[in-house]
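This report concerns only the one structure given below.
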Amino acid sequence: AQSVTQLDSQVPVFEEAPVELRCNYSSSVSVYLFWYVQYPNQGLQLLLKYLSGSTLVKGINGFEAEFNKSQTSFHLRKPSVHISDTAEYFCAVTRLNFGNEKLTFGTGTRLTIIP
Amino acid sequence: DTGVSQNPRHKITKRGQNVTFRCDPISEHNRLYWYRQTLGQGPEFLTYFQNEAQLEKSRLLSDRFSAERPKGSFSTLEIQRTEQGDSAMYLCASSLGRDTLGSTEAFFGQGTRLTVV
């Protein structure tokens, strides 16, 4: 089974400051890794994903994440945040197989941008 | 709009009543998933369809829950004899599964928020 830990439930950041949202995972098999964003009363939107190749992955809205296999981490970063980045962010994993893309999510990190 | 569509967006029901939600996936997607998200938590997997076949069900899916995808297109999720603990956001997602190495993106709908009073 897989599990995802997002250590920070809430992260307040001043506008234009950098931010890092932490994600650690546990799995006995190889996984794919994802970050999703959820705006209030909305569904989930994919920010970025790591499938293979370069461990630094760039996504939408200026976000990037780095896969670290030895530390089983997939932290999300943005060099300069905007008010519009206020949302809930979820890290997720799925098993590397041909079956399906069933996702296991973390509990989320609420990012609040302070003007 | 060619995204995943869920109806209704909001549902308030009395305890003990039955409710049914509908999900229309992206048209060419053969895989469909249901998740449940309670306040302050991440989404939790409920069930998965490949075309019309329900291939996996979570232990979270009690006897009161049933999901169908009769023609491999839209899906319904029914909850019988609702309880207050069923109050949550129910999310549907779809993906274009490929039998090759690599995982494709799952696209999510906006969810149905159920409140049981």
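The values are calculated or read from the model by the stated rules, or taken from the named source; none is laboratory data. Everything numeric in this text was worked out from a predicted model, so none of it was measured. FYI the Cβ positions are ideal-geometry reconstructions off the backbone, even for glycines, and counts take in every protein chain you see.
Name the pairs: first residue in segment A:24-46 and at the interface with chain B (Cβ under 7 Å from one of its Cβ atoms), second residue in a strand (DSSP E or B) and modelled with pLDDT under 90, Cβ to Cβ under 6 Å, at least 6 apart or on different chains?
Every condition considered, the pairs that remain are A:Y32/A:T94.
Give just the number: which of (1) within 13 Å of chain B (Cβ to nearest Cβ); (2) in contact (Cβ under 8 Å) with a residue 60 or more places away in the chain; (3) among the hydroxyl-bearing types (S, T, Y); (4) not in a strand (DSSP E or B) does A:S52 not satisfy?
The single condition A:S52 does not satisfy is (2).
Would segment A:72-79 turn up any residue that is on the phi < 0 side of the Ramachandran plot, in contact (Cβ under 8 Å) with a residue 60 or more places away in the chain and within 11 Å of chain B (Cβ to nearest Cβ)?
No, the conditions are met nowhere in segment A:72-79.
Show the residue pairs that are 6+ apart or on different chains and have beta-carbon atoms under 7 Å apart, the first residue being within segment B:36-49 and facing another protein chain (nearest Cβ under 7 Å) and within 16 Å of A:Q45 (Cα to Cα), the second being assigned to a loop (DSSP other than H, G, I, E, B) and small (G, A, S).
B:G42/A:G106; B:G42/A:G108
Might you let me know whether segment B:41-51 holds any residue that is exposed (fewer than 13 other Cβ atoms within 10 Å of the Cβ) and more than 16 Å from B:F21 (Cβ to Cβ)? Break it down into steps so the answer makes sense when it comes.
Restricting attention to segment B:41-51, the residues satisfying the condition of being exposed (fewer than 13 other Cβ atoms within 10 Å of the Cβ) are none.
No, the conditions are met nowhere in segment B:41-51.
Being among the small types (G, A, S) and outside any strand (DSSP E or B) is the filter here; which residues of segment A:18-49 pass it?
Of the residues in segment A:18-49, the ones among the small types (G, A, S) are A:26-28, A:30, A:43.
Listed by number, the residues that qualify are A:S27, A:S28, A:S30, A:G43.
State whether the residues of segment B:61-76 include one that is buried (at least 17 other Cβ atoms within 10 Å of the Cβ), more than 20 Å from B:V4 (Cα to Cα) and not polar (S, T, N, Q). It would help to see each step written out before you state the result.
Here is the first cut: in segment B:61-76, the ones buried (at least 17 other Cβ atoms within 10 Å of the Cβ) are B:61, B:65, B:67, B:69, B:75.
With more than 20 Å from B:V4 (Cα to Cα) added as a condition, the list becomes B:61, B:65.
With the extra rule that they be not polar (S, T, N, Q), the set shrinks to B:61, B:65.
Yes, because at least one residue in segment B:61-76 is buried (at least 17 other Cβ atoms within 10 Å of the Cβ), more than 20 Å from B:V4 (Cα to Cα) and not polar (S, T, N, Q).
crowded, with 18+ Cβ neighbours inside 10 Å and within 22 Å of B:L60 (Cα to Cα): which single residue out of B:R36, B:R22 fits that description? Walk me through it before giving the result.
Details: B:R22 fails: crowded, with 18+ Cβ neighbours inside 10 Å.
Answer to the check: B:R36.
Would you check if B:G3 is at pLDDT below 95, within 13 Å of chain A (Cβ to nearest Cβ) and in contact with a Ser or Thr (Cβ under 8 Å, 6 or more places away or on another chain)?
Numbers: at pLDDT below 95: yes; within 13 Å of chain A (Cβ to nearest Cβ): yes; in contact with a Ser or Thr (Cβ under 8 Å, 6 or more places away or on another chain): no.
For B:G3, the condition - at pLDDT below 95, within 13 Å of chain A (Cβ to nearest Cβ) and in contact with a Ser or Thr (Cβ under 8 Å, 6 or more places away or on another chain) - is not met.
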